[in-house]
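These notes concern the structure reproduced below.
The values are calculated or read from the model by the stated rules, or taken from the named source; none is laboratory data. This structure is a prediction, so every number in the text was calculated from the model and none was measured. With ideal geometry, Cβ positions are generated from the backbone for all residues, glycine too; neighbour counts draw on all protein chains shown.
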Amino acid sequence: MQKNTLIPFIVIITLVPLSFAQLYMNPRSISLADAYVTQARGSDVIGWNPANLGLSGNPKFNFDFGIIPLVPFPAIQINNNSLSPFMLNNYVFTGKYLNDKDKEDLLGFFPDNGLYFNPLMQMRLINMSIKSWAFTLGMEVTGKVIAPKSLFHLALFGNEFGEPIDLSATDLQMQAAATIGVAHGWQMQNIPFIKDHVDRFAVGVGAKVLLGLAYAGFEDFTTNVTTYTDKIDATGAVNGKISLGGVGFALDLGAATDINKHFSASLAVNNLLGFINWNLGESRVKEYSLDVEIPSSDFDIADSLLEAGIKKDTTYTSRVYRTNYPAYLLLGGEYRIYENLKVMATYRQGFSRDFASTVTPALSVATEYHLLHWLPMRFGITFGGNERFKWGLGSGLNFRHWRLDWGFSQIGGFFNHGKGVAFCFDQAIIF
């Protein structure tokens, strides 16, 4: 076997829990647990609702940055469906002997479909708005990694001789892309029916050019391993794709309204027609068909036996193939109770299960309260989606021409029961 053909997969599987989304994260969206579609203004409308550029509250000029201009602070989210500080502290890092009941309890934390990791990172190099126009240039990494439950059963209980270990639930999809986006919003003032019923109504459109940097994923992973007293059998097939270089496109459409001084509503569909064609650089398909028997006496030469057991080892440059850039719908409302207190809600619906996307809907509710005109306090909760449950909080220093915000959220539970975190801070110059 050519060992170097598996290196990209091994590297990605090893590093992905440390990686850095389709929703454009920023400190305010994180602290509001994504109840943000009515709040986005200026350069932050891309990925939320471009129509907001046609409403009130947009600065004449806005430039976002992280540490210093052109040196961003990445928005990072890492979550999984099983591991939490509570589980690790009470079942793994105890130093005690685990009896069968302890092992069953520990195995119960892992769902039947396996351990799911969902790393997301977004880094914006340039993020700015000028009046009703917004521009962004950044990079994002998104994907999923699934380890089958059978591996954890094997680690805890071993495996009965002659019983196959099914690894077919193993999955990997990771995609890195640079995004170049532009958005514009128009306030519609002369539509008779609308102007008689709402204070302001706007529509907007955004376009994103997607420059694919790298893609790695399994198309097929139907593999079984069976142990015997004197040998190990491995059978099945592995089919994976690795690509460097691609180009794609995505479209955002939205409508938004300030109904009156208290109510606002927002509707957007983002990443319409979103795709990346991987055809600019190197695109390789790896196919292996395994049927190998390794006697226990020959474990020291297992690699050469594994190579001999591969019935098909194919590496070839593929023709153009396409990956989705998942689309999603956002529907939101906002009620301003007082000048310094508002509540928001956002409904999110995805249309595919590609990468970090899901068709499970999510509902976010949040509030923002200004203790002082320059000191906001934010809190939000989400139910549904990939995260199932998420809460966030944040604050900042919001002055007339300079703003600093930070946001933190936890996924899957509160504190020790959480299964993931998200964090970001940024600054902005505003005129």
Query raised in the report: Looking at Phe86, Phe109, Phe73, which one is over 30 Å from Glu334 (Cα atoms) and in a loop (DSSP other than H, G, I, E, B)?
Result: Phe109
Requested in this report: Those residues that are surrounded by fewer than 22 Cβ atoms within 10 Å (Cβ to Cβ) and closer than 24 Å to Phe63 by Cα, I need them from region 370-395; list them, please.
Outcome: His370, Leu372, His373, Trp374, Leu375, Pro376, Met377, Leu393, Ser395
Requested in this report: Kindly check whether there is at least one residue in region 75-91 that is at pLDDT 85 or above, in contact with a strand residue (DSSP E or B) (Cβ under 6 Å, 6 or more places away or on another chain), closer than 21 Å to Ile429 by Cα and not acidic (Asp, Glu).
Outcome: yes
**Report entry** Given (1) at pLDDT below 90; (2) closer than 27 Å to Gly418 by Cα, number of the condition Val71 does not satisfy
**Finding:** (2)
Requested in this report: Please go through region 396-422 and pick out each residue that is closer than 30 Å to Pro69 by Cβ and either surrounded by fewer than 19 Cβ atoms within 10 Å (Cβ to Cβ) or among the basic types (Lys, Arg) (or both).
Outcome: Leu397, Asn398, Phe399, Arg400, His401, Trp402, Arg403, Leu404, Phe408, Val421
Query raised in the report: When you look at Trp406, is it out of contact with any Phe, Trp or Tyr (no Cβ under 6 Å at 6 or more places or on another chain), modelled with pLDDT of 95 or more, part of a strand (DSSP E or B) and of a type outside the set (D, E, K, R), yes or no?
Result: no
Query raised in the report: Mind checking which residues of region 243-262 are hydroxyl-bearing (Ser, Thr, Tyr) and either farther than 30 Å from Asp196 by Cα or not in a strand (DSSP E or B) (or both)?
Result: Ser243
**Report entry** Yes/no for Asn224 being closer than 30 Å to Val320 by Cβ and either touching a His at 6+ places or on another chain (Cβ under 9 Å) or in a strand (DSSP E or B) (or both)
**Finding:** no
Query raised in the report: Which members of region 29-56 meet the condition of being among the small types (Gly, Ala, Ser) and modelled with pLDDT of 90 or more?
Result: Ser29, Ser31, Ala33, Ala35, Ala40, Gly42, Ser43, Gly47, Ala51, Gly54
Query raised in the report: Name the residues in region 327-346 that are within 19 Å of the chain's Cα centre (by Cα) and surrounded by fewer than 18 Cβ atoms within 10 Å (Cβ to Cβ), would you?
Result: Leu329
Query raised in the report: If you go through region 131-148 one residue at a time, do you hit one that is within 30 Å of Gly206 (Cβ to Cβ) and acidic (Asp, Glu)?
Result: yes
Requested in this report: Looking only at region 374-403, count how many residues are charged (D, E, K, R), over 16 Å from Gln77 (Cα atoms) and not in a loop (DSSP other than H, G, I, E, B).
Outcome: 2
Query raised in the report: In this structure, is Ile429 surrounded by fewer than 15 Cβ atoms within 10 Å (Cβ to Cβ) and either in a strand (DSSP E or B) or touching a Leu at 6+ places or on another chain (Cβ under 9 Å) (or both)?
Result: no
Report task. Working only within region 231-271, note down all residues that are at pLDDT 90 or above and surrounded by fewer than 17 Cβ atoms within 10 Å (Cβ to Cβ). Result -> Val247, Phe249, Leu251, Leu253, Ile259, Asn260, Lys261, His262, Phe263
